[in-house]
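Data block below; observations after.
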Amino acid sequence: MIKLGVPSKGRLMEKTFDWFGTRGVSLSRTGSEREYAGAVDGVENVALVLLSAGEIPRELAAGRIHLGVTGTDLIREKLVQWDQKVEQMAELGFGHADLIVAVPACWVDVDTLDDLDAAAAAFRARHGHRLRIATKYHRLVRDYLRDGGVSDYQLVDSQGATEGTVANLTAEAIADITSTGETLRANHLKVLAEEPVLRSQATLFRSRCAPLDEADRATLRLLRDRIGV
Amino acid sequence: MSLVSVAKAAQLRAAFESAGAIPVETGVLQPAETLLDLYGEDIRARAYVTHDPVQGEMMLRPDFTVPVVQMHMSDGAEPARYTYSGKVFRRQERHPERPVEYLQVGFEIFDRADPAAADAEVFALFADLLKGYALRAVTGDIGVLTAAVAGLGASERRHAALMRHLWRPRRFRQLLDRFSGKTPMPPTRRALLAEADPMARATPMIGLRSEAEIAARIEALRADAAEPPLSAEQVALIDAVLAVKAPGPFALERLRDIAVDLPALTPALTRMARRLEALSARGVDVGRLGFEASFGRTSMEYYDGFVFGMIAEARPDLPPVATGGRYDALTRRLGQGREIPAVGGVIRPDALMQMEGAA
């Protein structure tokens, strides 16, 4: 049995269902609105597993699901050496979001990573602590800032309402996922004029760790053939 | 790590004790704040962080030098020689095949009398203890690099920026390219400098960084734009210094040639010459001892003078078997107003045993 992990709620689930549906594989929830059970029609021997999008990377890496739909951002943040654990099979064309670094719009002197680094050095000298950047994407942001040559910053964990941390004086800048930038503007923040940390979208991944017997291989081939990836 | 590594570690520590070192121990848990202040956020990618309900964030010691320096600075007698042996812990996100905990045996000298002699003492002791192994020794001197940067005659601001990134070669190069006009000013900065009153759009003010701080940075950018670029000759001198790679005395000769145009190098070269003499006096064949000006630039930021490494060239899979260097500035940063010249190094017994095929 091939297990396909799909986000358990919201637009990501609906759009994933649509994506598979237009390719002749019908996914659906079964039972009551509140029950996380699903069905697959169109290919035999495939089971639908409804999961939080944030748990799908872990389940793929553990080999408990064979296929999974989640954002590239979550795969890269949560899996060390992600490309050895999962194979990217198809970008699904929705759930677009960029992981970006944003600073207060009033920082008219800061637009590049070079500016951010200089501002961080001066900030530390003036305030006695490193410039705080609020994020939940610690690994991705740290790698990005190291490659960008930024030092004298510190990451502070923020699992939600990250855009509000600057006005609340718990961070000087943020790194977060944004799709339209409206929330940033509403909180008087601006995105650095640099390549984003990551461009993310909903993506179908295959686990490189999940065990496959002969029947599973045949099912997987059939499914790949059907959805054209 | 195996029993033979533990036995090797004990043997090395005993040898360091015979060389006059007092054995010391440090806590496995170290306050994270000190290490974060020294190394910045990058240390989180390399060290294990844990949490104590009373003491806050703690790190599993990623090395011994910092706690040993703290111990010496708080109640050490002078001069002092210390040795230690124990595990250090390193996260290996990029190289999961490398060990996350391994033994280090170290030797550190805190002595004001004669830094060149102390450098030579550490190196000669390490070379002697490891003489049975097929290792290539390489040396460098961060002091030569800092003297070269200081000798550029750039503004205090540019000098500080270059010094801050001396240990990040790529960022250092970016700055040199910017200061020499090789890379053009980014369009955003050009636009900012063209504005009559950029602060007018600095609204609304949010966050801890104040209006005055933003205005001060704009002033600094204006001043920098008005400063003449570093000349191609100045950049060539830095490149020439960084490219020096030869056995000690030849490297010194080459650097002395460069110092004709970059006289600020001279005091650092005098120290280097004294070190070579001290190494010779201890029986090191300096004519065959490699010197690479760029060596040590990408390792721990605290080295600021002599640096060395001993590398198993036939085993590129192994980390350097021994590394060390001088860290006077670290004693200043951790010394709460006091400082003392200090130099030391560590040996990795596991790597040694792997060279022997015993681990």
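Here are a few things to note about the model shown:
- Entry remark, the stretch B:158-182: residues being surrounded by 17 or more Cβ atoms within 10 Å (Cβ to Cβ), of a type outside the set (A, V, I, L, M), assigned to a helix (DSSP H, G or I) and at the interface with chain A (Cβ under 9 Å from one of its Cβ atoms) number 5 in total.
- Residue in the stretch B:242-258 that is within 29 Å of residue B:184 (Cβ to Cβ), at pLDDT 95 or above and under 23 Å from the mean Cα position of the chain (by Cα) present: yes
- Per the conditions (1) in a helix (DSSP H, G or I); (2) charged (D, E, K, R); (3) under 21 Å from the mean Cα position of the chain (by Cα), the sole criterion not satisfied by residue B:112 is (1).
- Taken together, the criteria exclude residue A:41 from residues that are within 23 Å of residue A:222 (Cβ to Cβ), without any contact (Cβ under 8 Å) to a residue 12 or more places away in the chain and either of a type outside the set (Asp, Glu) or away from chain B (no Cβ under 14 Å) (or both).
- Condition met for residue A:111 (farther than 14 Å from residue B:207 by Cβ, within 27 Å of the chain's Cα centre (by Cα) and facing chain B (nearest Cβ under 7 Å)): yes
- Among residues of the stretch B:238-258, those that are of a type in the set (Val, Ile, Thr) and under 11 Å from residue B:276 (Cβ atoms), counted: 0
- Tallying residues that are out of contact with any helix residue (DSSP H, G or I) (no Cβ under 9 Å at 6 or more places or on another chain), touching a residue at least 60 places away in the same chain (Cβ under 8 Å) and in a loop (DSSP other than H, G, I, E, B) within the stretch A:197-227 yields 1.
- Tallying residues that are more than 17 Å from residue B:275 (Cα to Cα) and outside any loop (DSSP other than H, G, I, E, B) within the stretch B:129-139 yields 2.
- Every condition in (1) free of Cβ contacts under 8 Å to residues at least 12 places away in the same chain; (2) hydrophobic (A, V, I, L, M, F, W, C); (3) within 14 Å of chain A (Cβ to nearest Cβ) is met by residue B:236 except one, and the failing one is (3).
- For the stretch B:54-85, a residue qualifies if it is more than 19 Å from residue B:33 (Cα to Cα), out of contact with any strand residue (DSSP E or B) (no Cβ under 7 Å at 6 or more places or on another chain) and buried (at least 19 other Cβ atoms within 10 Å of the Cβ), but none of them does.
- Filter pass, residue B:233 being in a helix (DSSP H, G or I) and modelled with pLDDT under 95: yes
- Residues that are out of contact with any strand residue (DSSP E or B) (no Cβ under 9 Å at 6 or more places or on another chain) and part of a loop (DSSP other than H, G, I, E, B) were ranked within the stretch A:67-96; the one that is farthest from residue A:9 (Cα to Cα) is A:81.
- Scan of the stretch A:114-142 for residues that are free of Cβ contacts under 8 Å to residues at least 24 places away in the same chain and more than 8 Å from every other protein chain (Cβ to nearest Cβ), ordered by number: A:125, A:128
- Filter result for the condition that a residue is under 30 Å from residue A:214 (Cβ atoms) and either surrounded by 19 or more Cβ atoms within 10 Å (Cβ to Cβ) or touching a Gly at 6+ places or on another chain (Cβ under 7 Å) (or both), over A:61, A:53: A:61
- Residue that is nearest to residue A:104 (Cα to Cα) [pool: residues in the stretch A:154-174 that are aliphatic (A, V, I, L, M) and more than 7 Å from chain B (Cβ to nearest Cβ)]: A:173
The rows are residues; the columns are (1) among the hydroxyl-bearing types (Ser, Thr, Tyr); (2) assigned by TED's automatic domain parsing to the domain that holds residue A:209; (3) surrounded by 22 or more Cβ atoms within 10 Å (Cβ to Cβ); (4) modelled with pLDDT of 95 or more.
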site	(1), (2), (3), (4)
A:80	no, yes, no, no
A:88	no, yes, no, yes
A:109	no, no, yes, yes
A:112	yes, no, no, yes
A:117	no, no, yes, yes
A:120	no, no, yes, yes
A:128	no, no, no, no
A:131	no, no, yes, yes
A:143	no, no, no, no
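- Qualifying residue in the stretch B:140-157 (condition: within 31 Å of the chain's Cα centre (by Cα), within 26 Å of residue A:174 (Cα to Cα) and either more than 10 Å from chain A (Cβ to nearest Cβ) or part of a helix (DSSP H, G or I) (or both)): no
- The selection criterion, being touching a residue at least 40 places away in the same chain (Cβ under 8 Å) and either surrounded by 18 or more Cβ atoms within 10 Å (Cβ to Cβ) or within 14 Å of chain A (Cβ to nearest Cβ) (or both), holds for residue B:251.
- Counted as qualifying within the stretch B:1-93 are the helices (runs of 4 or more DSSP H) with 2 or more residues that are more than 14 Å from chain A (Cβ to nearest Cβ), namely B:3-18, B:65-75.
- You will find that of B:192, B:208, B:221, the residue that is at the interface with another protein chain (Cβ under 9 Å from one of its Cβ atoms), over 30 Å from residue B:143 (Cβ atoms) and not in a helix (DSSP H, G or I) is B:208 and no other.
- Residues in the stretch A:5-55 that are small (Gly, Ala, Ser) and either more than 16 Å from the chain's Cα centre (by Cα) or part of a strand (DSSP E or B) (or both): A:5, A:21, A:24, A:26, A:28, A:31, A:32, A:37, A:38, A:39, A:42, A:47.
- Of all residues making up the stretch A:175-201, the number that are more than 14 Å from chain B (Cβ to nearest Cβ), in contact with a strand residue (DSSP E or B) (Cβ under 6 Å, 6 or more places away or on another chain) and buried (at least 17 other Cβ atoms within 10 Å of the Cβ): 6
The values are calculated or read from the model by the stated rules, or taken from the named source; none is laboratory data. What you are looking at is a predicted structure, and each value in this text was computed from that prediction instead of being measured. Glycine gets a Cβ as well: all are built from the backbone with ideal geometry, and neighbour counts include every protein chain shown.
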